[in-house]
Amino acid sequence: MTAMRTIAIQQPPKLVCGREASAACSEHLLQRGSQRILFVTGRKTCVFADGIAQALRSSGAVCDIYSEVPQEPTIGAYETALTAARDFQPDTIVGIGGGSPLDVAKLLAVFVDEQRDISQFFGIGLVERRHVHLVCMPSTSGTGSEVSPNAILLDEREELKRGVISPWLVPDATFVDPHFMTSMPAMVTAGTGMDALTHCIEAYANRFAYPAIDTYALGGIQLISGNLLQAIQSPGNLDVRENVAIGSLFGGLCLGPVNTAAVHALSYPLGGRFHVPHGISNTILLPHVLRFNLPAAPERYEQIALALGVIRGDTPEATALAGIERIETLAREAAIPMRLREWGVPSHSLKEMASAALGVTRLLRNNPRDVTHEDALLLYEAAY
Ligand SMILES: [Fe+2]
């Protein structure tokens with residue numbers, strides 16, 4: 001199934017994980033001499049930025065906090081943040097939050113001193129440079145944005161998600177502190193955790209899977225599937241939060257070199273048009289796409305099932321099917337409504353969504369099995 005190729009593994013040069021990571025972030029910024037630090041965050045995670053900014057201000061740094069990044073940010077929301085960033089002229093940008101603030105922070109670090117419009121940079125490898133120091137601190141465990149070269153915005157006019165993908169979007173330093181995750185609501189923990197699980201699964205069963213990345217993928221599957229329910233049930237348990245956060249980080253490390261496949265391609269129209277949260281749309285589609293893909297790569301899906309904790313069956317197919325059932329059980333126990341109709345998606349839109357999904361060729365080309373328009377429609381119908 002796999003087509004071995006040369007891959008580039010680009011990761012943040014500094015990756016700090018653990019309960020002291022937040023304090024280590026302040027130290028890092030002081031040591032490197034950051035003078036004008038812009039924190040980019042959302043309203044709920046602003047409190048974390050406040051704490052770090054306070055410590056830095058007492059050491060003489062000038063700090064500003066932009067806390068208006070919405071969920072699933074539009075190009076318009078990004079442009080508002082860009083104006084604020086240009087007014088402040090930071091030498092350092094620190095993104096704190098879920099994927100939305102982190103993606104916006106990453107884009108601001110690149111475009112704060114770039115005169116050309118962002119529309120010229122949607123796609124892979126079009127960014128040429130970044131001068132501003134970039135730090136990311138996740139407060140959810142899912143998007144992997146804290147280590148990935150991707151940033152996604154909603155094009156509100158086209159009702160489409162658009163991505164800037166570039167090594168320049170990989171942060172200079174990432175700090176993963178499980179304290180930041182303890183206030184995450186149950187449904188956000190569930191959705192983002194399942195998104196991370198999907199990153200690992202889609203990177204492992206992928207036409208461009210690569211041994212070095214397989215290790216992250218299988219490790220992430222184990223950590224997430226073994227800890228996600230407990231993270232939902234005991235949100236203050238730091239050990240469990242840390243395990244899911246590291247699993248999510250592993251998922252993020254899969255995104256640059258290998259990336260995702262048909263689940264994400266089919267998921268994007270649901271986010272773009274109907275604002276189904278990204279992790280939720282992935283969770284809904286995941287079992288259907290896996291059953292569709294299974295004949296193309298039974299041994300890969302068998303390994304995924306074993307990492308999910310399933311006992312080996314008589315054949316790779318049997319083990320893989322048990323793995324898919326395990327995912328469905330996990331989603332059910334996480335109380336995720338698993339039908340598209342439950343998320344306000346009208347049935348007459350499925351055909352149009354199938355056409356939109358087929359346009360996401362950069363991900364579909366990774367999928368172990370080719371997906372036709374008819375296949376995409378059948379998958380949406382199965383999930384409806
Ligand atoms: Fe994702």
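Please determine whether any residue of region 310-319 is buried (at least 20 other Cβ atoms within 10 Å of the Cβ) and within 16 Å of the ligand (Cβ to nearest atom).
No - not one qualifying residue is present in region 310-319.
Any residue in region 171-199 that's in the same structural domain as Ala265 (by TED's automatic domain parsing) and acidic (Asp, Glu): show its pairings with residues that are within 14 Å of the ligand (Cβ to nearest atom) and part of a loop (DSSP other than H, G, I, E, B) at Cβ separation under 8 Å, as long as the two are six or more apart or on different chains.
That search, which allows pairs on different chains as well, returns Asp195/Gly142; Asp195/Thr143.
For region 111-131, what are the residues that are more than 19 Å from Ala84 (Cα to Cα) and not in a helix (DSSP H, G or I)?
Matches in region 111-131: Phe122, Gly123, Ile124, Gly125, Leu126, Val127, Glu128, Arg129.
Of the residues Thr283, Thr260, which single one is in contact with a helix residue (DSSP H, G or I) (Cβ under 6 Å, 6 or more places away or on another chain), within 12 Å of the ligand (Cβ to nearest atom) and part of a helix (DSSP H, G or I)?
Thr283
Within region 271-280, restricting attention to residues that are modelled with pLDDT of 90 or more and more than 12 Å from the ligand (Cβ to nearest atom), which residue is farthest from Ser349 (Cα to Cα)?
Across region 271-280, the extreme among qualifying residues is Val276.
Taking the condition within 15 Å of the ligand (Cβ to nearest atom) and under 19 Å from Leu102 (Cα atoms), does Phe180 pass?
No: the conditions fail for Phe180.
The values are calculated or read from the model by the stated rules, or taken from the named source; none is laboratory data. All of these numbers come straight from a predicted model, not from anything done at the bench. Here Cβ is always computed from backbone atoms with ideal geometry, including for glycine, and neighbour counts include all displayed protein chains.
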